[in-house]
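These notes are about the structure you will find just below.
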Amino acid sequence: MSDYEYLRKIPYFNTLNENSLKELNSIAIIKEYEKGSTIFFEGDTGDAIYFVKSGKVKISKISQQGKEHIIKIMEEGNIFAESLLFIGGVYPATAEAIEDSVVIVLKNKDIENLILKNNEIALGIIKLMAKRLQNVAVIIENLALKDSLGRTVSILLTIAREKGIKNKEGISIELNLSRQDLANMVGTSRENVIRILSQLDKEDVIKLERHKIIIKDMDRLKNMA
């Protein structure tokens, strides 16, 4: 396996040719973080974007009341801090490794120099930014227009779309999150999330297991969102 093969696991770069992958690999800085380590804090000055090579990274914000809101759990191939691409500035959220993780760092100035001479990489970056805008729109919609049930369902649907596995019972999703972490993603209390999940289970829309949720009735779940 080539030393840049890991870049193919990043959706925005998996169609690049060999030369483009080599060029990207040449500017990549690979860092290791132990579980519980902070990669950067909200408000820190930043000049790079990050990709998860392995492990899991939690992206979160702290409200004025001191409550944590988890924006997303990043896994292999996911990008974060892309809002700083080209313009720099401060990180809008905190990134913390929740497992031992390996992270790829791409400095803005290095990316800018590379895309000036490589149209293929430039197109990959444009797709990356377009995806970010879609994600931001979904987050705004969830927070502004949906109640706790709608936000919980929306998160389950997102996880199912990204990593759901079909089986004879429905669509199985690994939920390697505590109920508190899930509540922080939804923006509600732990007790409320437990109540919502239990109700969905009673109504036979989902099936709750220890670290897994099986979506049994996808159509009903979509209607709830």
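The values are calculated or read from the model by the stated rules, or taken from the named source; none is laboratory data. Please read all numbers here as calculations on a predicted model, not as lab measurements. Note: ideal-geometry Cβ built from the backbone for every residue, glycine included; neighbour counts use all protein chains shown.
Hey, could you check region 78-93 for residues that are at pLDDT below 85, of a type outside the set (Phe, Trp, Tyr) and part of a loop (DSSP other than H, G, I, E, B) and say which is nearest to residue 49 (Cα to Cα)?
85
Out of the residues in region 167-189 that are more than 21 Å from the chain's Cα centre (by Cα) and not acidic (Asp, Glu), state the one that is surrounded by the most Cβ atoms within 10 Å (Cβ to Cβ).
Ranking the qualifying residues of region 167-189, first place goes to 170.
Of all residues being charged (D, E, K, R) and over 19 Å from residue 108 (Cβ atoms) in region 1-33, which is nearest to the chain's Cα centre (by Cα)? Just the residue, please.
So, considering only residues that are charged (D, E, K, R) and over 19 Å from residue 108 (Cβ atoms), the one nearest to the chain's Cα centre (by Cα) is 9.
Among (1) at pLDDT 85 or above; (2) in a helix (DSSP H, G or I); (3) surrounded by 17 or more Cβ atoms within 10 Å (Cβ to Cβ), which single condition is residue 142 missing?
If we test residue 142 against (1) at pLDDT 85 or above; (2) in a helix (DSSP H, G or I); (3) surrounded by 17 or more Cβ atoms within 10 Å (Cβ to Cβ), just (1) comes out false.
What tally of residues in region 1-16 results from selecting those that are more than 21 Å from residue 131 (Cα to Cα), exposed (fewer than 15 other Cβ atoms within 10 Å of the Cβ) and in contact with a helix residue (DSSP H, G or I) (Cβ under 9 Å, 6 or more places away or on another chain)?
Result for region 1-16: 3.
Mind counting the residues in region 94-120 that are under 12 Å from residue 48 (Cβ atoms), touching an Asp or Glu at 6+ places or on another chain (Cβ under 9 Å) and in a helix (DSSP H, G or I)?
Number of matching residues: 2.
Determine whether region 12-31 contains at least one residue that is assigned to a strand (DSSP E or B), at pLDDT 90 or above and more than 21 Å from residue 125 (Cα to Cα).
Yes, because at least one residue in region 12-31 is assigned to a strand (DSSP E or B), at pLDDT 90 or above and more than 21 Å from residue 125 (Cα to Cα).
Which condition number does residue 178 fail, the rest of (1) out of contact with any strand residue (DSSP E or B) (no Cβ under 8 Å at 6 or more places or on another chain); (2) touching a residue at least 24 places away in the same chain (Cβ under 8 Å); (3) closer than 23 Å to residue 59 by Cβ being met?
Only one criterion in (1) out of contact with any strand residue (DSSP E or B) (no Cβ under 8 Å at 6 or more places or on another chain); (2) touching a residue at least 24 places away in the same chain (Cβ under 8 Å); (3) closer than 23 Å to residue 59 by Cβ is unmet by residue 178, namely (2).
One residue is enough: does region 69-82 have a residue meeting the conditions surrounded by fewer than 15 Cβ atoms within 10 Å (Cβ to Cβ) and out of contact with any Ser or Thr (no Cβ under 6 Å at 6 or more places or on another chain)?
Checked against the condition, which is being surrounded by fewer than 15 Cβ atoms within 10 Å (Cβ to Cβ) and out of contact with any Ser or Thr (no Cβ under 6 Å at 6 or more places or on another chain), region 69-82 yields no hits at all.
Only residues that are among the polar types (S, T, N, Q) and either surrounded by fewer than 20 Cβ atoms within 10 Å (Cβ to Cβ) or without any contact (Cβ under 8 Å) to a residue 12 or more places away in the chain (or both): list them for region 97-108, please.
Answer for region 97-108, where residues must be among the polar types (S, T, N, Q) and either surrounded by fewer than 20 Cβ atoms within 10 Å (Cβ to Cβ) or without any contact (Cβ under 8 Å) to a residue 12 or more places away in the chain (or both): just 108.
For every residue, the table says whether it meets (1) within 21 Å of residue 130 (Cβ to Cβ); (2) in contact (Cβ under 8 Å) with a residue 40 or more places away in the chain; (3) aliphatic (A, V, I, L, M).
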{"residue": "58", "(1), (2), (3)": "no, yes, no"}
{"residue": "68", "(1), (2), (3)": "no, yes, no"}
{"residue": "76", "(1), (2), (3)": "no, yes, no"}
{"residue": "85", "(1), (2), (3)": "yes, yes, yes"}
{"residue": "95", "(1), (2), (3)": "no, yes, yes"}
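Kindly evaluate residue 157 against the criterion of being surrounded by 15 or more Cβ atoms within 10 Å (Cβ to Cβ), at pLDDT 80 or above, of a type outside the set (Asp, Glu) and not assigned by TED's automatic domain parsing to the domain that holds residue 211.
no
Can you say whether residue 36 is in contact (Cβ under 8 Å) with a residue 60 or more places away in the chain, among the small types (Gly, Ala, Ser) and in a loop (DSSP other than H, G, I, E, B), as far as the supplied structure shows?
yes
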